[in-house]
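Visitor: Once you've had a glance at the structure underneath, I'll fire off some questions.
The values are calculated or read from the model by the stated rules, or taken from the named source; none is laboratory data. All of these numbers come straight from a predicted model, not from anything done at the bench. Methodologically, a virtual Cβ is constructed for each residue, glycine included, from the backbone with ideal geometry; neighbour enumeration extends over all protein chains shown.
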């Protein structure tokens, strides 16, 4: 596979629809690079602190991505346009927040798309694939946490039918944040 950061050239030459596939162990470096880049793109304007740089570097190091990838409760997906990685998602089983009640729910722990391909249905394609995977695993609800200041992401989740059902906390290792919990019935 060609490098994920060559995606701009590919996108400019074709209007091909995004595809989503299960990630493999060979994709760990791609996941790490995508994670670091999309983390900065998603949050830097909202929180330009040095803590963000530390968090992105730590959570998306190839070593940490490998540990998360090998966790049997995790499933990673990669979105591609013209065979170039442009986004990723991660489902996580066995993680529950109180506002879900007794729902049999799976967490969409991560979903990120390169800024330059937003608006090209990459996020929608990944959500569809995650919903299919959750359904195949027997879950009735897909949920995620989104930072209270990330209005763009909240708008996307609401547009695809997710509902804000409560809040949960998040700590980046140094700071506490409030995340809204969004969920959708499968």
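Visitor: When the residues of segment 11-26 are filtered to those that are modelled with pLDDT under 95 and part of a loop (DSSP other than H, G, I, E, B), which remaining residue is nearest to residue 64 (Cα to Cα)?
Guide: 17
Rundown of residues vs (1) free of Cβ contacts under 8 Å to residues at least 24 places away in the same chain; (2) farther than 23 Å from residue 114 by Cα; (3) surrounded by fewer than 14 Cβ atoms within 10 Å (Cβ to Cβ), yes/no style:
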position	(1), (2), (3)
129	no, no, no
136	yes, yes, yes
164	yes, yes, no
186	no, yes, no
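Visitor: Still on this structure: Taking segment 148-162 as the search range and keeping residues that are buried (at least 17 other Cβ atoms within 10 Å of the Cβ) and free of Cβ contacts under 8 Å to residues at least 40 places away in the same chain, which one is farthest from residue 20 (Cα to Cα)?
Guide: Residue satisfying both the conditions and the ranking: 154.
Visitor: Something else now. Pairs, please: C-beta under 8 Å, at least 6 apart or cross-chain, first residue on the phi > 0 side of the Ramachandran plot and at pLDDT 90 or above and in segment 36-48, second part of a helix (DSSP H, G or I) and surrounded by fewer than 18 Cβ atoms within 10 Å (Cβ to Cβ)?
Guide: none
Visitor: To continue, here is another question. Check whether at least one residue in segment 48-68 is in contact with a strand residue (DSSP E or B) (Cβ under 8 Å, 6 or more places away or on another chain) and under 24 Å from residue 123 (Cβ atoms), and report yes or no.
Guide: Scanning segment 48-68 turns up at least one residue that is in contact with a strand residue (DSSP E or B) (Cβ under 8 Å, 6 or more places away or on another chain) and under 24 Å from residue 123 (Cβ atoms).
Visitor: Would you mind stating whether residue 29 is surrounded by fewer than 12 Cβ atoms within 10 Å (Cβ to Cβ), under 21 Å from residue 75 (Cβ atoms), within 19 Å of the chain's Cα centre (by Cα) and at pLDDT 70 or above?
Guide: When the stated conditions are applied, residue 29 does not pass them.
Visitor: Additional query: Which fully enclosed strands (runs of 3 or more DSSP E) of segment 45-164 have 1 or more residues being more than 15 Å from residue 31 (Cβ to Cβ)?
Guide: Fully inside segment 45-164 and qualifying: 74-81, 105-113, 141-147.
Visitor: Here are the criteria: (1) without any contact (Cβ under 8 Å) to a residue 60 or more places away in the chain; (2) surrounded by 17 or more Cβ atoms within 10 Å (Cβ to Cβ); (3) touching a strand residue (DSSP E or B) at 6+ places or on another chain (Cβ under 9 Å). Tell me which single one residue 95 does not satisfy.
Guide: (2)
Visitor: Testing residue 145 on (1) without any contact (Cβ under 8 Å) to a residue 40 or more places away in the chain; (2) over 27 Å from residue 17 (Cβ atoms); (3) within 16 Å of the chain's Cα centre (by Cα), one condition comes back false. Which one is that?
Guide: Residue 145 satisfies every listed condition except (1).
Visitor: Within segment 110-127, which residues are crowded, with 17+ Cβ neighbours inside 10 Å, without any contact (Cβ under 8 Å) to a residue 60 or more places away in the chain and either touching a strand residue (DSSP E or B) at 6+ places or on another chain (Cβ under 6 Å) or more than 17 Å from residue 163 (Cβ to Cβ) (or both)?
Guide: The answer is 111, 123.
Visitor: So, one more: Please go through segment 166-184 and give me each residue that is without any contact (Cβ under 8 Å) to a residue 40 or more places away in the chain and farther than 20 Å from residue 56 by Cα, ordered by number.
Guide: 180, 182
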